[in-house]
Every structure is written in C-alpha cells, then in structure tokens.
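The values are calculated or read from the model by the stated rules, or taken from the named source; none is laboratory data. Only a predicted model underlies this, so the values are computations on that prediction, with no experimental measurement involved. Don't worry about glycine lacking a Cβ; one is built from the backbone with ideal geometry, like all the others, and counts go over all protein chains shown. To get the accessible areas, we keep the full protein, side chains included, count just its heavy atoms, and leave off ligands, DNA and RNA. Shrake-Rupley method; radii C 1.70, N 1.55, O 1.52, S 1.80 Å.
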Amino acid sequence: MKVKTLNGNLNIVGNNLRKYRTLRNLSQPEICKKLDLIGVTMYICDIYEIEYGKKTVKDFEALAFCKVLGITLDDLYDDTDKYYEA
C-alpha cells in the first residue's frame with residue numbers, strides 16, 4: 001500500500017508542534033511525559049518524526065498536543081496553507 005503524502009510530508013503540523021513546544025521550553029521527552037499523563041503514549045522518536053514531517057498525526061494526537069501545549073487546533077494548523085501552494 002502506498003503512503004499518501006502532501007508534497008513529500010506526512011503531516012502539516014510538525015513545524016507548529018516544534019514551534020510551540022520550544023516556546024513552552026519543553027523538550028521532546030517532557031512533552032512525551034505530559035502526553036502520557038493524559039493517556040496518549042508517544043515516544044521521543046515519534047515527536048521527532050512528526051516535527052520533521054516523517055510521521056502522520058492521528059486526530060486524537062493533534063488534540064492531545066493542543067491540550068498539553070495550551071493551544072488551539074487553529075494554532076496547531078496556523079500557516080499550513082503553504083503546503084498546498086504549487
């Protein structure tokens with residue numbers, strides 16, 4: 001089965017995830033711990049791969065990122081229209 005991508009990316013929220021994680025001074029291990037506390041198990045390598053567009057993001061993971069970072073889904077998807085430009 002072929003994996004679907006958008007201009008070679010498996011997600012469009014990775015840059016914003018990295019931006020808000022660093023703005024909150026959270027390391028990748030720290031965000032994993034916060035996610036685990038709300039019932040979402042992710043590993044450091046998962047966060048890395050999401051931040052660099054190498055892993056897809058499930059809907060419950062996107063919402064969990066918002067909860068632990070204190071942002072909205074609009075924040076997470078901010079400035080992602082650029083992925084659709086030719």
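Here are the numbers for the structure shown:
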{"quantity": "Residue selected from segment 11-42 under the condition over 13 Å from the mean Cα position of the chain (by Cα) and of a type in the set (Gly, Ala, Ser), by the criterion surrounded by the most Cβ atoms within 10 Å (Cβ to Cβ)", "calculated": "Ser27"}
{"quantity": "Cβ-Cβ under 7 Å pairs, at least 6 apart or on other chains, segment 10-28 side within 15 Å of Cys45 (Cα to Cα) and touching a residue at least 12 places away in the same chain (Cβ under 8 Å), far side open to solvent by less than 30 Å² (accessible area, probe 1.4 Å) and among the aromatic types (Phe, Trp, Tyr)", "calculated": "Leu17/Phe65"}
{"quantity": "Gly8 modelled with pLDDT under 95, among the small types (Gly, Ala, Ser), open to solvent by less than 70 Å² (accessible area, probe 1.4 Å) and over 14 Å from the mean Cα position of the chain (by Cα)", "calculated": "yes"}
{"quantity": "Selection count, segment 44-84, where residues are surrounded by 17 or more Cβ atoms within 10 Å (Cβ to Cβ) and in contact with a Pro (Cβ under 9 Å, 6 or more places away or on another chain)", "calculated": "1"}
{"quantity": "Any hit, segment 66-78, residues being aromatic (Phe, Trp, Tyr) and out of contact with any helix residue (DSSP H, G or I) (no Cβ under 9 Å at 6 or more places or on another chain)", "calculated": "no"}
